[in-house]
Amino acid sequence: MKKKILLLEDDKNQAKNLEKIIHNYSQKIEIMYAATAAQAMDFLSGNVLFDAFFLDISLDSQKRNRDGLQLAEQLQAMPRYQRTPILFITAFPQYVYSALNHLHCFAYLLKPYSEKEVQQQLASLFESKRTLLLKTSENIHIRLSLDTLQYIQAHGRYMTFVTTSSKYHSRQYTLKELTQLLPGEFLHCHKSYIINQTFVDNFDFVNHFAHMLVNGEVIPLSRNFHP
């Protein structure tokens, strides 16, 4: 099945160039092109479900409007697109702060961009299968690599995601939801913990602990838990 991208770009030459770059990367990506935010909303009111959005922030050369930012706000208010990656395109670096810090976009491209830059972003979007899209308690969207995720701890409704280098806090998921989402090496070992057994040094079933390889942390195990 083809991936579908909605491209908002008022410059036809820019749109054609970007479409060519994307198709050089993969013919399995379908691009729907809108020159205005109103045209984009027409696409969104249809039956097509988009996998990503490429939005030009300002749709005129005099930077009088910020239609791309406004459309992103509308997208994030739609339940089916709240977690869909948005990549902003702009020739105006002053808009990048809003894109990253207020709308928490997936990434951005500064014009003039290179084919390599676009294809790197496409690889991040569509080839990173072992990731979890996470909205942190600071309202920042990140792609969390499952290959570095050691364990998850529940504190009431909040979850702490502990990687080999960082900690992230989120209310986006429950442990039950994560158990269904995560691959088989992630074990629901305790009412408050999910561990990645790749990072387990050993299980102590006498004292009901898992000893982790990184930093020697000790994670509690339920009495009836067996991997």
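Here are some notes:
- Once segment 50-69 is narrowed to residues that are in contact with a strand residue (DSSP E or B) (Cβ under 7 Å, 6 or more places away or on another chain) and aliphatic (A, V, I, L, M), the residue that is modelled with the highest pLDDT is Leu55.
- Highlighted here are the helices (runs of 4 or more DSSP H) found entirely within segment 3-114 that include at least 3 residues which are under 18 Å from Leu125 (Cβ atoms) and not assigned by TED's automatic domain parsing to the domain that holds Asn139: 12-25, 67-76.
- Enumeration of residues in segment 195-218 that are among the polar types (S, T, N, Q), in a loop (DSSP other than H, G, I, E, B) and closer than 13 Å to Val162 by Cβ: Asn215
- Boolean, Phe225 is farther than 20 Å from Gly156 by Cβ and either of a type in the set (Gly, Ala, Ser) or assigned by TED's automatic domain parsing to the domain that holds Glu138 (or both): no
- Residues of segment 201-222 that are within 14 Å of Ile152 (Cα to Cα) and either over 35 Å from the mean Cα position of the chain (by Cα) or aromatic (Phe, Trp, Tyr) (or both): none at all.
- Residue in segment 141-154 that is assigned to a helix (DSSP H, G or I) and under 13 Å from the mean Cα position of the chain (by Cα) present: no
- One residue from Thr179, Thr163, Thr174, Thr198 being in contact with a Ser or Thr (Cβ under 9 Å, 6 or more places away or on another chain), among the β-branched types (Val, Ile, Thr), at pLDDT below 95 and on the phi < 0 side of the Ramachandran plot: Thr163
- Residue that is surrounded by the fewest Cβ atoms within 10 Å (Cβ to Cβ) [pool: residues in segment 190-200 that are closer than 21 Å to Ser145 by Cβ and touching a strand residue (DSSP E or B) at 6+ places or on another chain (Cβ under 8 Å)]: Gln197
- Leu187 being closer than 26 Å to Ile86 by Cβ and either touching a residue at least 24 places away in the same chain (Cβ under 8 Å) or crowded, with 18+ Cβ neighbours inside 10 Å (or both): no
The values are calculated or read from the model by the stated rules, or taken from the named source; none is laboratory data. Keep in mind it's a predicted model, so treat the numbers as computed, not measured. FYI the Cβ positions are ideal-geometry reconstructions off the backbone, even for glycines, and counts take in every protein chain you see.
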